[in-house]
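Colleague: Take a look at the following structure, please.
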Amino acid sequence: MRVARRSLLSAGLLACAAPVRADRPVHDGAGRSALVPRVIRRVFPAGPPAAILLYTLAPDLMAGWSARVPGPHNAPFLLPEAVALPDVCRLTGRDNTANMEAILRHRPDPLLDYGAVAPT
């Protein structure tokens, strides 16, 4: 089950944040490609849709929640470990709060983005 989740997660990867050994290319909806690391230990979600997708597929790999830590009303529906995850900066959308230092502090293997694909 865990291998299947990680394979499915790999299909949505857009970029690798750290230089690690990669073993296969992945193509996104905009036609870009990136190399997927052989071992993924920590994934940085680019925005709230990516955080929800990542929680659904592999909550044990989450670096944190993108700009929206679940409130107490959501806690009963989430794993305790996921509720305790920090708020990480957001890379996408109008509320972009990202900076390179904040991203690197979380030491992600890849970054994951999910949502609408547009020229911008």
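Colleague: How much FRET efficiency would the formula 1/(1 + (r/R0)^6) give for Asp28 and Leu79, where r is the Cβ-Cβ distance and R0 is 22 Å, rounded to 0.05?
Modeller: Calculated transfer efficiency: 0.20.
Colleague: According to a simple spin-label model (label point 7 Å from Cα along Cα-to-Cβ), what is the distance in nm between Asp60 and Leu104?
Modeller: Placing both labels 7 Å beyond Cα along the Cβ direction yields 3.0 nm.
Every number in this text was worked out from the coordinates using simple rules, so none of it is lab data. The structure displayed is predicted, hence computed values, not measured ones. Cβ sites come from the backbone with ideal geometry, for glycine too, and all protein chains shown count toward neighbours.
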